[in-house]
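Q: The structure under discussion is supplied below as structure tokens; questions concerning it will follow.
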């Protein structure tokens, strides 16, 4: 994976979740703001920034930021 895209992905994820940073091994669903509105905001960000259309169910099935990143960035 392109390191620049990885950093862009992790920064975008942290922005949506309103956390200072998030690492590939972190469970993004355990952040304080995680809920249906945050999941929807994340879904929209992934579509707009990375061209990846995931359902909310698919988002919830990715246990870590790294798993989600692999799904989105390939």
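Any read-out appearing in this document is the output of simple, stated calculations on the displayed coordinates, not a laboratory observation. Just so it is clear, the model here is predicted, and its values are computed rather than measured. Positions of Cβ are generated from backbone atoms using ideal geometry, with glycine treated the same way; all protein chains shown enter the neighbour counts.
Q: Please tell me the relative contact order of the chain in percent, rounded to the nearest whole number, where contacts are Cα pairs under 8 Å and at least six residues apart.
A: Relative contact order here is 36 percent.
Q: Okay, moving on. Among (1) 60, 33, 15; (2) 30, 25, 19; (3) 51, 26, 18, which one is Cα extents along the principal axes in Å computed from these coordinates?
A: (2)
Q: Separation between the residue 45 and residue 6 pseudo-spin-labels, each 7 Å from Cα along Cα→Cβ, expressed in nm?
A: The answer from the label model is 1.9 nm.
Q: Something else about it: In the range 33-54, which residues have a backbone nitrogen under 17 Å from the label point lying 7 Å from residue 71's Cα in the Cα-to-Cβ direction?
A: 34-54
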